[in-house]
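Chemist: Pasting a structure below so you can have a look.
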Amino acid sequence: MPSVSAAFDDMVRRASAGQPGALAVLRAELMAQPRAWLVDQLLATVAPSSGYRPTQVELDEQRLVEHTARFGAWDTSACLVGPPPPAGQLIDRDQRTAHGEALLVEAKDLLHTLLTGPTGLSPIRRARLTLTLPDQVVAVFGFLRGTITRTPVGGGQTALLIDYPEVAADLVGDAVVAALRVVNGLELNEAVLYARRAEVDASTLI
């Protein structure tokens with residue numbers, strides 16, 4: 001499955017900003033691209049991440065801690081059958097056990113819920129996790145379109161800026177990291193995930 005390129009994602013993001021004439025500019029940019037490239041971007045857009053569709057998770061701080069602990073306790077390698085070597089290619093669905101597939105869906109559901117504004121939590125600030133990935137695997141996070149920002153960093157790498165509402169004791173950030181580790185172990189298949197956490201601002205959310 002082809003992945004959405006950073007260039008295509010940037011074109012769509014600029015057109016979605018609502019500036020006058022943005023759609024006309026997007027049309028001109030797309031018309032100038034090779035047909036095969038456009039087909040690849042369309043396929044990656046309409047069928048991201050193997051057809052996964054997110055479901056909201058009911059959360060409070062206690063449930064959040066429980067999810068983080070449970071994801072952290074799993075040895076994801078025990079949920080795989082004949083996976084490819086790390087940092088080579090994505091892990092396909094038929095290379096995950098039924099439990100591995102269910103665990104992957106749970107991790108994605110938690111990520112989506114945390115990034116789209118979970119109920120049951122009382123945020124006190126906004127925080128950001130920056131995740132750097134090879135361009136060809138970024139499409140795994142297509143289900144988070146609209147909640148993350150993609151920035152090309154060169155060398156075939158893309159930075160994903162993941163902003164989220166944080167509560168006391170960094171509970172949300174810990175849960176995001178735990179869920180990302182599960183997604184990596186069961187689908188992304190990177191040897192190491194390069195991520196950095198930081199506060200977006202110091203203001204209080206009300």
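Chemist: Please report the equivalent ellipsoid semi-axes of the chain, computed as sqrt(5 x eigenvalue) of the Cα gyration tensor, largest first, in whole Å.
Modeler: Value: 28, 24, 14 Å, ordered largest first.
Chemist: Taking the inverse of the average 1/r across all pairs of different Cα atoms in the range 117-182, what Kirkwood radius in Å do you get?
Modeler: Result for the range 117-182, one decimal place: 12.9 Å.
Chemist: Please compute the per residue accessible area over the range 72-112 with all protein chains in place, 1.4 Å probe, rounded to a whole number of Å².
Modeler: 53
Chemist: Specify the residue with the greatest mean-square fluctuation among THR149, THR97, THR158, computed from a Gaussian network of the chain linking alpha-carbon atoms under 10 Å apart.
Modeler: Maximum fluctuation in the GNM of the chain, among the listed residues, is at THR97.
Chemist: Where q = 0.13, 0.18, 0.21, 0.22 Å⁻¹, what log10 of I(q)/I(0) comes from the Debye formula for the range 81-195, counting one point per Cα?
Modeler: -0.51, -0.94, -1.21, -1.30
Chemist: What is the magnitude of the charge dipole of the chain about its Cα centre, with +1 placed on the Cβ of each Lys and Arg, -1 on the Cβ of each Asp and Glu, and no other charges, expressed in debye to the nearest 20?
Modeler: The dipole of the chain has a size of about 520 debye.
Chemist: Estimate the FRET efficiency between GLU29 and THR132 by the formula 1/(1 + (r/R0)^6), using the beta-carbon distance for r and 25 Å for R0, to the nearest 0.05.
Modeler: FRET efficiency, GLU29 to THR132: 0.45.
Chemist: What is the calculated FRET efficiency for GLN157 to ILE124, with r their C-beta to C-beta distance and R₀ = 30 Å, to the nearest 0.05?
Modeler: 0.40
Chemist: Follow-up question, since we're still on this one. Give the carbon-plus-sulfur fraction of the accessible surface of the range 83-143 in %, rounded to a whole number; probe 1.4 Å, heavy atoms of protein chains only.
Modeler: 52
Chemist: While we're looking at this one, here's another question. Return the sequence-ordered ³J(HN,Hα) values of the range 85-94 in whole Hz as given by the Karplus equation 6.51 cos²θ - 1.76 cosθ + 1.60 applied to θ = phi - 60°, using x for Gly and Pro.
Modeler: Result, ordered by residue: x, x, 6, x, 8, 5, 7, 7, 4, 6 Hz.
The values are calculated or read from the model by the stated rules, or taken from the named source; none is laboratory data. Keep in mind that what you see is a predicted model, and the values were worked out from it rather than measured. Note that we place each Cβ from the backbone using ideal geometry, even for glycine, and neighbour counts take in every protein chain shown. We work out accessible area using only protein heavy atoms, side chains counted, and drop any ligands, DNA or RNA first. Shrake-Rupley method; radii C 1.70, N 1.55, O 1.52, S 1.80 Å.
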